[in-house]
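The values are calculated or read from the model by the stated rules, or taken from the named source; none is laboratory data. In this text, all values refer to a predicted model and were calculated from it rather than measured experimentally. Note: ideal-geometry Cβ built from the backbone for every residue, glycine included; neighbour counts use all protein chains shown.
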Amino acid sequence: MVNRTAMYETLDKVIEVAPSGAWRQDVWVMHSSLCGTAGCFAGWRVILDGFSELVLDESGEVDALRNPQTGQHVYLSMLPAQAATSLDLWLADARELFSSDNTLEDLKELVDRLCA
């Protein structure tokens, strides 16, 4: 069963940060000089789960997210799986929800449908 609380918490966060440019459905997570941390729906879910520290590679790109309380890392390659697990989503549903083509309206409709 989908984690409705986490789904709507993530959607609320995405809606909150979208005007500042901190929601970007086309990247998992990135550092932006304009708004600080930016990310997609999946990226914000993992950040809300406590993985709030960015781990940068040698070129300054985000390589992983770190949970400062536990020391655990989620590498970007594993971020969609981590978010899908947190949201209790099937793979097909996660792919649809995390698609880079989604608009805010698409996300609202998908969250409502998946939580119905």
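Here's the yes/no breakdown for (1) hydrophobic (A, V, I, L, M, F, W, C); (2) closer than 24 Å to ARG4 by Cβ:
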| position | (1), (2) |
| --- | --- |
| CYS40 | yes, yes |
| TRP44 | yes, yes |
| ASP49 | no, yes |
| VAL55 | yes, no |
| GLY71 | no, no |
| ALA83 | yes, yes |
| LEU87 | yes, yes |
| LEU97 | yes, yes |
| LEU107 | yes, yes |
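Hey, among LEU89, LEU107, which residue is closer than 18 Å to LEU11 by Cβ and assigned to a helix (DSSP H, G or I)?
On the way: LEU89 fails: assigned to a helix (DSSP H, G or I).
Testing whether each residue is closer than 18 Å to LEU11 by Cβ and assigned to a helix (DSSP H, G or I) leaves just LEU107.
For SER59, the requirement of being under 20 Å from VAL2 (Cα atoms) and of a type in the set (S, T, N, Q) is not met. Residues in the stretch 7-47 that are crowded, with 18+ Cβ neighbours inside 10 Å, more than 13 Å from LEU97 (Cα to Cα) and of a type in the set (Gly, Ala, Ser): ALA22, ALA38, GLY39. When the stretch 39-86 is examined, which residues are found to be at pLDDT below 95 and of a type in the set (Ser, Thr, Tyr)? Result: SER52, SER59, SER77. Quick test of your reading of the structure: GLY36 fulfils all but one of (1) in contact (Cβ under 8 Å) with a residue 40 or more places away in the chain; (2) among the small types (Gly, Ala, Ser); (3) out of contact with any strand residue (DSSP E or B) (no Cβ under 7 Å at 6 or more places or on another chain). Name the failing condition by number. It fails just one condition, (1). Applying the selection to the stretch 58-81, what residues are without any contact (Cβ under 8 Å) to a residue 24 or more places away in the chain and either among the basic types (Lys, Arg) or part of a helix (DSSP H, G or I) (or both)? Those that are without any contact (Cβ under 8 Å) to a residue 24 or more places away in the chain and either among the basic types (Lys, Arg) or part of a helix (DSSP H, G or I) (or both): ARG66, SER77, MET78, ALA81.
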